[in-house]
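Have a look at the structure that comes next, please.
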Amino acid sequence: MRLIYTKPLLKDLSQGSRIAFVRQFRLMTQDEVSDKLGLTGECKRRTMTRYEKGNRNPKNDRTMEIAQILNVNIASIKKYDYKNVEDIIYTLMWLEELLPNYHIDLSDVPSVKNNTILELKMFLDEWNIMRNKRMKREISYNDYIDWKLNYKIKEDN
């Protein structure tokens, strides 16, 4: 039997859809994730199904476990709080999966001493470098998505 890889599709920006996308990207089944979470019983997959459909949200410690199993930065799959610049950054990256040709440009935003704007501008510069590498095929789609799923704000910002 020959398996064909298909790129996962993001249904929406909900936490459940993001978890499902990453799980599929990592080529894992709900059963495999459930097993690694230590879930048991006849309906062990039900918990993952509920998370992915948005019928239930994982608590913070469970979200951390899922992030570790899927080998991603927890910020890529956690519930977002838009007071946190990293959550804004991850939302922008996830939007690219919904709207592949969209582009954010903050070059017209005045240079203000606002840490959020400065961090966003620095991120966008780095993101554009990675996008260009992807477009020039210097990195694969998988490398690009992996970079996005594990992005961390630089400590020296």
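The values are calculated or read from the model by the stated rules, or taken from the named source; none is laboratory data. Remember, predicted model here, so these are calculated numbers, not experimental data. So basically every Cβ, Gly included, is an ideal-geometry build from the backbone, and we count neighbours across all protein chains shown. Note: accessible area is taken over every heavy atom of the protein model, side chains too, but ligands, DNA and RNA are not part of it. Shrake-Rupley method; radii C 1.70, N 1.55, O 1.52, S 1.80 Å.
Plugging the Kirkwood radius over Cα pairs into Stokes-Einstein for the range 20-125, at a temperature of 20 °C and a viscosity of 1.002 mPa s, what D comes out in µm²/s? Don't skip to the end; give the middle numbers.
Values: Rh = 15.8 Å.
Answer, rounded: 136 µm²/s.
Turning to a different aspect of this structure: Taking only protein heavy atoms into account and a 1.4 Å probe, give the accessible area per residue of the range 77-157 in Å².
Details: 5280 Å² over 81 residues.
Per-residue value: 65 Å².
Please identify the chymotrypsin sites (Phe, Trp or Tyr not before Pro) of the range 1-97 that satisfy two criteria: DSSP loop assignment and at most 11 other Cβ atoms within 10 Å. Which are they?
In loop regions of the range 1-97 (DSSP not H, G, I, E or B), the sparsely surrounded chymotrypsin sites (Phe, Trp or Tyr not before Pro) are Y5, Y82.
Given a 1.4 angstrom probe, I'd like the percentage of the accessible area of the chain that is carbon and sulfur, rounded to a whole number.
Details: 4980 of 10050 Å².
Using a 1.4 Å probe with all protein chains present, the chain comes out at 50 percent carbon and sulfur.
Relative to the longest principal axis of the chain, what angle (0 to 90°, nearest 10) does the C-alpha long axis of helix 60-70 take?
Tilt relative to the chain: about 90 degrees.
Additional query: Past the 25 Å Cα-Cα mark, which pairs from K59/K154; K59/K83; K7/K36; K83/K133? If you can, show how the numbers build up before the last one.
Numbers: K59/K154 27 Å; K59/K83 19 Å; K7/K36 23 Å; K83/K133 30 Å.
Beyond 25 Å: K59/K154; K83/K133.
Using only alpha carbon pairs under 8 Å that are at least six residues apart, calculate the relative contact order of the chain and give it in whole percent.
Values: 117 pairs, mean separation 32.9, N = 157.
Computed value for the chain: 21 percent relative contact order.
Give me the 1.4 Å probe accessible area per residue for the range 1-72, excluding ligands and nucleic acids, in Å². Intermediate results must be reported in sequence, preceding the final value.
On the way: 4710 Å² over 72 residues.
Counting only protein heavy atoms, the per-residue value for the range 1-72 is 65 Å².
Looking at the range 1-108, which GluC sites (Glu not before Pro) are in a loop (DSSP not H, G, I, E or B) and have at most 16 other Cβ atoms within 10 Å?
Values: sites: E32, E42, E52, E65, E86, E96, E97; in loops: E42.
Here the sparse-neighbourhood loop sites are E42.
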